[in-house]
Amino acid sequence: MGIIKTAFTLLFLYFAYKAVLFVTRVKQRANIASAKTASVEDLLRDPVCGRYFSAQTGVKLKKNGKTYYFCSKECMEKFRDRRI
């Protein structure tokens, strides 16, 4: 009975791994597709991680009269926390 339980556990882990890979690939394709719709002139560079992104998908922060754009909320928070 123990070997059957182990086999089912391994089978479950294998399919869970495959599901995670599938979701990751779908998200990557969506990011590539959204990046292709923006022209090169419309892309902005994140000041924290250096990633290029379109202004429509970015996060905006206004500080001291200047507007900064970030690829994600996490990068915006890192920037906000390190700047005085």
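Readers should treat all values here as calculations from the given coordinates under stated rules, not as data from a laboratory. Given the structure is predicted, the values throughout are model-derived calculations rather than measurements. FYI the Cβ positions are ideal-geometry reconstructions off the backbone, even for glycines, and counts take in every protein chain you see.
Summing Cβ point charges (Lys, Arg +1; Asp, Glu -1) relative to the Cα centre of the chain gives a dipole of roughly 180 debye.
Angle, helix 2-37 long axis vs. longest principal axis of the chain, Cα atoms, 0 to 90°, nearest 10? Tilt of helix 2-37: around 20 degrees.
Simple spin-label estimate for residue 13 and residue 78 gives 3.1 nm between the two label positions (7 Å along the Cα-to-Cβ direction from each Cα). Pick out, from 65, 43, 75, the residue whose Cα sits farthest towards the positive end of the charge dipole of the range 39-84, with +1 on the Cβ of Lys and Arg and -1 on the Cβ of Asp and Glu. With unit charges placed on the Cβ atoms, the residue in question is 65. Taking the longest Cα principal axis of the chain as reference, the axis of helix 73-82 is set at about 50 degrees. Working note: 222 nm ellipticity from helices only, DSSP H runs with n ≥ 4, each -39,500 (n - 2.57), summed and divided by the residues of the chain, gives -19000 deg cm²/dmol to the nearest 500.
If I stretch the segment between residue 20 and residue 5 completely, what's the gain in nm (0.36 nm per residue apart, minus their alpha carbon distance), one decimal?
3.1 nm
Among the lysines of the chain, pairs at least eight places apart or on separate chains and with Cα atoms under 24 Å apart come to 15.
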